[in-house]
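Read the structure below first, then the notes.
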Amino acid sequence: MDPDFLLPPPGAAGMGACTMHNHATPAANANARLLRAGMTDSERRLWSRLRREQLGVKFRRQHPLGNFIADFACLAPKLVVELDGSQHADQAVYDARREAFFRSLGFTVLRFATDAPFSNLDGVLVVILEALTAAKALPPSQPSPEGGRSKTTRSPP
């Protein structure tokens, strides 16, 4: 029997393909490594305040998700922070597709101008903290059907 007959076709599961849409592709992983090595001054400034759980959660920089890379991503709660430079004006369609993908995975996406970490770092951090707080907030708990009482101590109506 031909050994190739037993293998799935190229690109299928088990052959290095990405079968879950939120897993990073090999190309995205390689690109993310390059982007981490070449961070902009603005990204470095914001990263200096996001790293080491300074906001109470872990952020990842240049984090690949599927075919896309988030500038900064917090996986729990799901938050993506993007710094948009002048090149983003020319790639609005790509950015919209990328943001839609992040949102389809349940991420909230925040976008800031690339100079925001220099012109208003505290304001950027406040907005990020507000988004983290909102994402962590659980809806008010509903009272139990028993009203907090056990069945044996329930008074008749």
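Please list Asp122, Asp84 from largest to smallest accessible area, probe radius 1.4 Å, with all protein chains kept in place.
Numbers: Asp122 100, Asp84 40 Å².
Ranked from most to least accessible, the order is Asp122, Asp84.
Distances between placed amide hydrogens fall under 5 Å for Glu82 paired with Leu110, Arg111, Phe112, all partners being 5 or more residues away or on another chain. Working note: Karplus 6.51/-1.76/1.60 with θ = phi - 60° gives segment 64-77 the couplings x, 9, x, 8, 10, 10, 8, 4, 9, 9, 10, 7, 8, x Hz, where Gly and Pro are set to x.
If R₀ is 25 angstrom, what is the calculated FRET efficiency for the pair Asp90 and Ser119, using the beta carbon separation as r and rounding to 0.05? Efficiency for this residue pair is about 0.65. Relative contact order for segment 50-133: 23 percent, from Cα pairs under 8 Å spaced at least 6 residues apart, divided by residue count. Backbone amide hydrogens, once placed in the peptide plane, bring Gly66 within less than 5 Å of His23, Ala24, Thr25, excluding anything fewer than 5 places away on its chain.
The values are calculated or read from the model by the stated rules, or taken from the named source; none is laboratory data. Just so you know, these numbers come straight off a predicted model, no measurement behind them. All Cβ positions, glycine included, derive from the backbone under ideal geometry; neighbour counts span all protein chains shown. Note: areas computed on protein heavy atoms with side chains; ligands, DNA, RNA excluded. Shrake-Rupley method; radii C 1.70, N 1.55, O 1.52, S 1.80 Å.
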